[in-house]
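A.B. asks: Submitted below is the structure of interest, expressed as C-alpha cells.
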Amino acid sequence: MSDRIRNAFAKARRRGRAARIFYMPGGFPDRAASDTLLDILADEGADILELGMPFSDPIADGPVIQAAGQRALAAGATLRSVLEQGRRLRERHPELGLVLFSYANPIYSYGPEALCRDAAAAGFDALLLTDVPHEEEAEFRRPAEAAGLDWIPLVSPATDPDRAALLTAGCTGFVYVITVRGITGERTGLPAGLGERLAALRRVTGLPLAAGFGIADRAAADAVAEHADGYIVGSAAVRAADAGPDALRAFLRGFR
Amino acid sequence: MSTHYGIYGGQYVPETLMPVLREIETAYREALADPGFVAEYESLLRDYVGRESPLCPARRLSAALGGADIYLKREDLNHTGAHKVNNVIGQILLAKRMGKTRVIAETGAGMHGVATATVAALMGMPCTVYQGAVDVRRQAPNADRMRALGAEIVAVESGSQTLKDAMNEAIREWVATAENTFYVIGTVAGPAPYPEMVRTFQSVIGRETRRQMLDRCGALPDTVVACVGGGSNAMGMFAAFLDDRDVRLVGVEAGGEGLETGRHAASINGGRPGILHGCRTRLLQTPDGQVLEAYSVSAGLDYPGVGPEHSFLADAGRVTYAVCNDRDAIRAFDALCRYEGIIPALESSHALAEAIRLAPAMPKGSRLVVCLSGRGDKDMGNVADWKARHPDYRFEPLEKGSRHV
Ligand SMILES: Cc1ncc(COP(=O)(O)O)c(C=O)c1O
C-alpha cells in the first residue's frame, strides 16, 4: 500500500481542498519534451500524476488523448521508456503520488509480474487499467499488490452499489469515479446526480473518491470538490500541454 | 456461462460496459429458451434470407483438380450476399426484445454493415455503421448500399482507418449510448457473450451443411474449409463438426503479401496472445504490445485479431489454420468464376484456394466442403486493381492432379 497516495489525499484534506490529479501520456509529444511537461505538472500543484502508457487502440479515450497517445507512440514511447520517465520523475519529486495508467495489452505483453516489480522499483505507487474490469483483474491485481502497488478500481454511473462494494473491496489507494457514461474528453458542466452517486459510494467504501472524465476547468473542479476527495483532469491538461510548457503552467495555475 | 476459451476470451472492457454485457447475456439466454424467439429467427432466415442455402457440387472444378469431390456451401446466395446476415437477424431481434431503439455496427468490407443496415431497415430501427475511411473508399459500392438502406455511415479517420479502428470507434459510441443502443458485432470476437452469441447465430451454416451432406452422400465430409477474418463463417460452419473427430477442419487466414513480409492478417499463424476489443486472443502486435495494422487484398479479412475460440481450437489442435496469400486468393477467385460460373468474395476465395491445394491430394470420392461465405460483386474493382499492380499474373487453367496454388 502506498503512503504517498494516502498522504496526498490527507494533505489536501488538511488544507481544505480536493486532491489535484492530472493525467498525461508518457512520451508526449516526444521523450525530451515529455519530461519537462511532467516536471511542470509536479511543480505546479499536482498531488497525484497519472502517467499514461499510450496504446494503439484506446477504446476509452476521446480525440485529444487518442491523438496525444499516437504522437507519443510515433515518437518512440514504449512501456520501458514510460517506466524510465517514472523513475526520473520520482527522483525529482519524492512526494508526488504516481499512478501507472494503461490499457491491458502493453502490461500483458510485458508480463504483469515483471511489470509490477519494475514499476514499483521505478517509484510508481499504483496501477490503473482502463479495460480490466473486476472479473478479469486477478492476473494483474495480484502481482500489483504483491509488489506494493495500489490497485485503483474504476466505478461508473452504470455500476450499482452492490457492484461498487465488490469492485472496491480490499483496495487501497483511491476509487476512480467516472462521472459520465462515455469516453474521456472535455465537457461543460457536471452531470446531474454526481453528489448523490458519491454519497452512495461512501456507504460502501471508506477509500478516498476521486472523480474524473470531462473536468475541463476550475469551475468544474470546484463543483466536484464539494462532493469528492479529489478530481482528475485529463483531456484539458493534455490540450494545454500540447500548446507548450507556458500554456500548461498557466492552465495549472488556474487550479491552485 | 463460460466467458473464456482456455486462456482466451474474457471481458476486457471499461467498467461502464460490464452491466451492459450482463444485461445482454441474460436477454440472450432467455431468448434462446423462448420458442417464440427461435421461431421468429428461423422464419426470417427462411422467408427473408432465403435459407436454407444450397450445398452445391463444384463438378468442373473437382474434375479439373482430380481427387476429392468439392462441395460449396452457398452463403453467397443469402439476401445481402454473405453469411453476415444470419448473425445480424439474431442480434437485432435480441436488441428489439431488450427494448433497444437503435443499432450500431462496425464494418470492414462492408458486408456486415450492409447486413446490419438491411435488417435495421426491416425492423424500423435507426442504424449507424462505423467504417474505416480507407475501407469506405476501397469498398465504395457497399458504402452506397448502406446509405441507400437508410444507415448513417461514420468514416473513421483515426489509427489505420480500417476495421480495427472502426471497431474502436463503435465501442466508444457504445460506452456512451448503451442504455438505448445495441452494438451488433459482426464476428465471433469482442467481449463475452459476443463470441458465443455470434457463433450460435451462425451455426445454422454448419447444421445445414451436415444434414445436406448426409442426405446427399450418406456420409460426413472428410474435410471442411472456411476463411477466417474474425472467424464467424468458419465458427458457424465448424461448430456442427467439432465432435466429429474424423472430419478435418481447416481455417484459412489471409497471408497478404506473405507471412515473411509482415504484410498479412494471419493472427493465428503470425501473432501471439494479446488483448484487444474486449477479448484475449492471438493478435498481430509489436514486441511492446501495440497492435499492428493487418493487411490483406480482402478487406473482410483485414483484422489483426481473431475470435478467441479459434485461438483456442488452434492451440488444442482440433482445427488446422492455413495461410493463403493475395495471389493464391486471386487465382482461386478466377478459378471459381471460370469453372463454376460463380463470382466469390475475395474472403471466400482464400478458403477456395486452400481447397484447390488440398483436393488433388485427397482420395477419389472423398468429400471436401468449402464455405463460400459471400459473393464477389463488391470485389470486382479490387481484383482489377490487384491485377493492374501485378502485370506478371496470368490465370492458368487448372490441370488434373496439379498443385496450382
Ligand atoms: C464474404 C465474407 N466472408 C468472410 C468474412 C470474414 O469474416 P468472418 O471471418 O467473421 O467470417 C467477411 C467479412 O467481411 C465477408 O464479407
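A.B. asks: What are the residues in region A:210-230 that are open to solvent by 20 Å² or more (accessible area, probe 1.4 Å) and part of a loop (DSSP other than H, G, I, E, B), if any?
C.D. replies: Going through region A:210-230, the residues open to solvent by 20 Å² or more (accessible area, probe 1.4 Å) turn out to be A:213, A:216-219, A:222-223, A:225-227, A:229.
Residues satisfying the conditions are A:F213, A:A216, A:D217, A:E226, A:H227, A:D229.
A.B. asks: I would also like to ask the following. Here are some residues: B:A63, B:A58, B:A68, B:A121. Which one is closer than 28 Å to B:R210 by Cα, more than 14 Å from the ligand (Cβ to nearest atom), open to solvent by 10 Å² or more (accessible area, probe 1.4 Å) and not charged (D, E, K, R)?
C.D. replies: Within the list B:A63, B:A58, B:A68, B:A121, the selection yields B:A63.
A.B. asks: In addition: In region B:1-46, which residue that is touching a strand residue (DSSP E or B) at 6+ places or on another chain (Cβ under 8 Å) and among the aromatic types (F, W, Y) is nearest to the other protein chains (Cβ to nearest Cβ)?
C.D. replies: Result: B:Y12.
A.B. asks: I've got another one for you. Of all residues in region A:157-183, which are within 22 Å of B:R172 (Cβ to Cβ), polar (S, T, N, Q) and more than 10 Å from chain B (Cβ to nearest Cβ)?
C.D. replies: A:T179
A.B. asks: Which ones in region B:143-159 are assigned to a loop (DSSP other than H, G, I, E, B) and buried (at least 22 other Cβ atoms within 10 Å of the Cβ)? So that I can check it myself, show each step before the final result.
C.D. replies: Going through region B:143-159, the residues assigned to a loop (DSSP other than H, G, I, E, B) turn out to be B:149-151, B:157-159.
Within region B:143-159, just B:A151 meets the criteria.
A.B. asks: On the basis of being out of contact with any Gly (no Cβ under 7 Å at 6 or more places or on another chain) and either away from chain A (no Cβ under 11 Å) or farther than 22 Å from B:Q202 by Cα (or both), does B:R318 make the cut? Working first, answer last.
C.D. replies: On the way: out of contact with any Gly (no Cβ under 7 Å at 6 or more places or on another chain): yes; either away from chain A (no Cβ under 11 Å) or farther than 22 Å from B:Q202 by Cα (or both): yes.
For B:R318, the condition - out of contact with any Gly (no Cβ under 7 Å at 6 or more places or on another chain) and either away from chain A (no Cβ under 11 Å) or farther than 22 Å from B:Q202 by Cα (or both) - is met.
A.B. asks: Based on what the data block shows, is A:G45 within 14 Å of another protein chain (Cβ to nearest Cβ), more than 22 Å from A:L79 (Cβ to Cβ) and either crowded, with 24+ Cβ neighbours inside 10 Å or among the small types (G, A, S) (or both)?
C.D. replies: In short, no.
A.B. asks: If you check A:L207, A:L149, A:L190, A:L154, which single one turns out to be within 17 Å of the chain's Cα centre (by Cα), open to solvent by 20 Å² or more (accessible area, probe 1.4 Å), away from chain B (no Cβ under 14 Å) and of a type in the set (A, V, I, L, M)? Walk me through how you get there before you give the answer.
C.D. replies: Working: A:L149 fails: open to solvent by 20 Å² or more (accessible area, probe 1.4 Å); A:L190 fails: within 17 Å of the chain's Cα centre (by Cα); A:L154 fails: away from chain B (no Cβ under 14 Å).
None of the others qualify; the one that does is A:L207.
A.B. asks: Still on this model: Do you know which of the residues in region B:139-183 that are under 20 Å from A:P58 (Cα atoms) and β-branched (V, I, T) is nearest to the chain's Cα centre (by Cα)? Walk me through how you get there before you give the answer.
C.D. replies: From region B:139-183, those under 20 Å from A:P58 (Cα atoms) are B:154-178, B:183; that's our starting set.
After this cut, where a residue has to be β-branched (V, I, T) as well, the list is B:154, B:156, B:162, B:171, B:175, B:177.
Details: B:V154: 22, B:V156: 21, B:T162: 16, B:I171: 19, B:V175: 25, B:T177: 26 Å.
Applying the filter and picking the extreme gives B:T162.
A.B. asks: Considering only residues that are among the basic types (K, R) and either at pLDDT below 95 or within 14 Å of the ligand (Cβ to nearest atom) (or both), which ones fall in region B:181-231?
C.D. replies: B:R199
A.B. asks: Now for a different question. May I ask you to list the residues in region B:273-307 that are away from the ligand (no atom under 16 Å from the Cβ) and not hydrophobic (A, V, I, L, M, F, W, C)?
C.D. replies: Correct list: B:P273, B:G274, B:R280, B:Q285, B:T286, B:P287, B:D288, B:G289, B:Q290, B:E293.
A.B. asks: Failed condition for B:H79, given (1) free of Cβ contacts under 8 Å to residues at least 40 places away in the same chain; (2) open to solvent by 30 Å² or more (accessible area, probe 1.4 Å); (3) more than 16 Å from the ligand (Cβ to nearest atom); (4) of a type outside the set (A, V, I, L, M), with all others met?
C.D. replies: (3)
A.B. asks: Looking at (1) closer than 30 Å to B:R282 by Cα; (2) in contact with a strand residue (DSSP E or B) (Cβ under 7 Å, 6 or more places away or on another chain), find the lone condition where A:P106 falls short.
C.D. replies: Checking A:P106 against (1) closer than 30 Å to B:R282 by Cα; (2) in contact with a strand residue (DSSP E or B) (Cβ under 7 Å, 6 or more places away or on another chain), the one that fails is (2).
A.B. asks: While we're here: Anything in region A:1-24 that is among the charged types (D, E, K, R) and exposed (fewer than 13 other Cβ atoms within 10 Å of the Cβ)? List them, or say none.
C.D. replies: Within region A:1-24, A:D3, A:R14, A:R15 qualify.
A.B. asks: Ok, one more. Give me the pairs: first residue in region B:35-47 and farther than 14 Å from B:M123 by Cβ, second residue open to solvent by 40 Å² or more (accessible area, probe 1.4 Å) and among the hydrophobic types (A, V, I, L, M, F, W, C), beta-carbon distance under 9 Å, and six or more apart or on different chains, which are they?
C.D. replies: Filtered contacts from region B:35-47: B:V38/B:L32.
A.B. asks: Tally the residues that are open to solvent by less than 10 Å² (accessible area, probe 1.4 Å) and over 17 Å from the mean Cα position of the chain (by Cα), restricting the search to region B:228-251.
C.D. replies: Matching residues across region B:228-251 total 2.
A.B. asks: Looking only at helices (runs of 4 or more DSSP H) that lie completely in region B:252-360, which have at least 2 residues being open to solvent by 10 Å² or more (accessible area, probe 1.4 Å) and either under 30 Å from B:M18 (Cβ atoms) or among the hydrophobic types (A, V, I, L, M, F, W, C) (or both)?
C.D. replies: Filter on region B:252-360 gives B:308-316.
The values are calculated or read from the model by the stated rules, or taken from the named source; none is laboratory data. The shown structure was predicted, so the numbers you read here are calculated from the model rather than taken from an experiment. Here Cβ is always computed from backbone atoms with ideal geometry, including for glycine, and neighbour counts include all displayed protein chains. Ligands, DNA and RNA are excluded from the accessible area calculation, which covers all protein heavy atoms including side chains. Shrake-Rupley method; radii C 1.70, N 1.55, O 1.52, S 1.80 Å.
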